[in-house]
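Remarks on the structure that follows.
The values are calculated or read from the model by the stated rules, or taken from the named source; none is laboratory data. The shown structure was predicted, so the numbers you read here are calculated from the model rather than taken from an experiment. Cβ placement follows ideal geometry from the backbone for every residue including glycine, while neighbour counts extend to all protein chains displayed.
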Amino acid sequence: MTYLDKLRESAKKTAKPTQTNGHTPLQQQIRDLIAPLSPMQLNRPFTTEELRQQLEGKHRTRPASRDVAGALRQLGWTQKRCWKKSGLNRRFWYPPTPSENER
């Protein structure tokens, strides 16, 4: 057994298992996250960071913001940027209305 083979074997033993097996897609995680919310609770803007903190990443603890944004777009959410000082130029996401989901 060569030195490189020993290194590879050692790396396999110490490597952390990835979360790719059994990973729930972001779209499903978002659906599960908002399913128990009432219409009153959904009637407000959400930030990517706010949602990101409640989701599980595929390769890391939390998903990347761009992946969360992509999943929200695919689910029909709309984004609007707040240009006010108080909004800090952040993007706010609005869930689709029930009539948009029925289409």
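When segment 41-73 is filtered for residues that are closer than 25 Å to Ser86 by Cα and hydrophobic (A, V, I, L, M, F, W, C), the ones remaining, listed by number, are Leu42, Phe46, Leu51, Ala64, Val68, Ala69, Leu72. Looking at the structure I just gave you, is Arg81 charged (D, E, K, R) and modelled with pLDDT of 90 or more? Spelling it out, it is not the case that Arg81 is charged (D, E, K, R) and modelled with pLDDT of 90 or more. Of all residues in segment 61-75, exactly one satisfies the criterion of being loosely packed, with under 13 Cβ neighbours inside 10 Å and touching a residue at least 12 places away in the same chain (Cβ under 8 Å), namely Gln74.
Just one of (1) assigned to a loop (DSSP other than H, G, I, E, B); (2) loosely packed, with under 10 Cβ neighbours inside 10 Å fails for Ala11. It is (1).
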